Amino acid sequence: MISRRSLTRIATLVPFAIALGGRPGPSSASPDGAAHFIEGLIDEAIAVLRIPVEERVSRESQFRTLLRDKFDVPLITRLVVGRHWRRATDAQKQAFMLVFEEHIVKIYTSQLGVYNEEIVAIRNVASRTERDTIVGTEVMRSSDAPLQLDWLVREEAGAYRVIDIAAEGVSLMTTKRSEFSSVIQRDGLDGLIEKLRVLNADQLENS
Amino acid sequence: MVARDSHVSDATAVKAREKAWPNLRPLALAAALLGATLCGCATPPEDPGARADYEALNDPLEPFNRGVFSFNQGLDGAVLKPAAQAYVWAFPVEFREVVHRVLSNAHEPVVFANSLLQGNFDHMGTTLLRLLLNTTFGVGGMFDVASELGLEPVDEDFGQTLAVWGMGEGFYLVLPVFGPSSLRDGIGRGVDIFFDPMTYVTINSDKDFLGPSFMATTALDLRSRHLEALDEIERSSVDFYAAMRSLYRQHRTNLIFNGETPEGDPFIDDPFDYDDVFSRLEAE
């Protein structure tokens, strides 16, 4: 089995390959449907990446559209805050949703630099639950070893949406949940909202 | 390219074995008491929900750890990062790659020893062949001929060995200079020193500069390879310490299971069931 040690891959969010085969069983989400969905997503993502890095506004707006369309942002937003969500006021929920979405957009448009004709291939597809599927992909890069990127896709009323990504075994949700939980414990949800606001503004300045 | 690891079934066995180990929480409390002068112990919250979070986080030494983390950041900013940046600026990538390969090759005995202790014959064989091929045909490890032949590098250390033997992480620990670690992985680092032939070379040598210069080169090599990555993590996190803690743990889990988590699920570390939480949230 190939092992990786590089933090570089974690930062660029590339997940790790899963074992062969999936769990068999009945599911309303078809593995093929999920795989097809991811293929489409990757094509659209590459189109966004082809936009020159200098055209930041255009890049971000295209990425935001992609995010809202392909990712279950409301679910991700609720889950990343966890149990604190039900105690939040409507104003807090509203503020957090805005600032969190912006956070995601900013991270990814800055992290995903120029597209260098890397090929993204689907390695395998595995059913996780009745409606969740894991689609494992691999990003082939010229300079380095392939990057493993896993997508957790949920099917709802015939539509597919991504609810988590894992890069080399490092899950976005797990990481952000852990981070946000720490901040909420120390500064409360308002503290987190403020910190995210500041971070978004900083990234705006530094780009 | 994806070879079936003979230890896929062992992954679930590891989790079972973990239960056989003693609860290390008393040890954590003892360590916290020792560190009381540094005021490093966190007080567990009373609210049951918060308490559950606290226990799951397993960072009873958080104030102490944050202190060490800050110190490490300071040291990094003042010394290590500038040195690594200078290293990158001064030497072309080909040279730095050669340095990396030589250091990796010198490290293979540690990987071999730990593969042996884990009973992982697949990794043992690969590592031994890599060492032999790269030292001879690769001219002292300068060239990675083994990878060309399909023998990809393997990452094993004593922390992973302890994990395979069933030891849980103990608790999160930030080591001075070395950074994110755990009780288990910290012990692992200590033990690996004995597996490293360089330890014996430097002890038995009368050249005093050998040990420090080897350590310095290793540090430069490691730090220079993660310049952009760490910058990116810091830039995109609201709590850099917490982000690193989470990343470290997930990365370790990945290494321990050699990338093949039980049931082939990379999201296994997600501490919640999406369906369960979602329906609970909706019921509110």
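Values quoted throughout were computed directly from the atomic coordinates according to the rules given, and no laboratory measurement underlies them. Worth saying up front: this structure is predicted, and the values here are computed from it rather than measured. No Cβ is skipped: glycine too gets one built from the backbone with ideal geometry, and neighbour counts run over all protein chains shown.
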(request) Evaluate peptide A:182-195: per residue, the Cβ atoms of other protein chains within 10 Å of its Cβ; return the mean as an integer. (result) 3
(request) Within a 10 angstrom radius of each residue's Cβ in B:220-230, how many Cβ atoms of other chains show up on average? Whole number is fine. (result) 3
(message) Kirkwood hydrodynamic radius, computed over distinct alpha-carbon pairs, for the range A:64-207: how many Å, to one decimal?
(response) 16.7 Å
(request) Pull up all non-local amide H partners of A:Arg128: gap of 5 or more, or a different chain, and H-to-H distance under 5 Å with H placed in the peptide plane. (result) A:Thr133, A:Ile134
(request) Would you mind counting up the charge near B:Ala86? Only other residues with Cβ under 15 Å from its Cβ, with Lys and Arg at +1 and Asp and Glu at -1. (result) +2
(request) Quick one: compute a quarter of the convex hull surface over the Cα atoms of the range A:103-156 and quote it in nm². (result) 5.0 nm²
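Output the peptides B:56-69, B:124-137, B:191-204 sorted from most to least packed, where packing is the average of other Cβ atoms within 10 Å over each peptide's residues.
On the way: B:56-69: 20.2, B:124-137: 18.5, B:191-204: 14.1.
The peptides rank, most packed first, as B:56-69, B:124-137, B:191-204.
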(message) Sort A:178-191, B:150-163 by the packing proxy (mean of other Cβ within 10 Å over each peptide's residues), most packed first.
(response) B:150-163, A:178-191
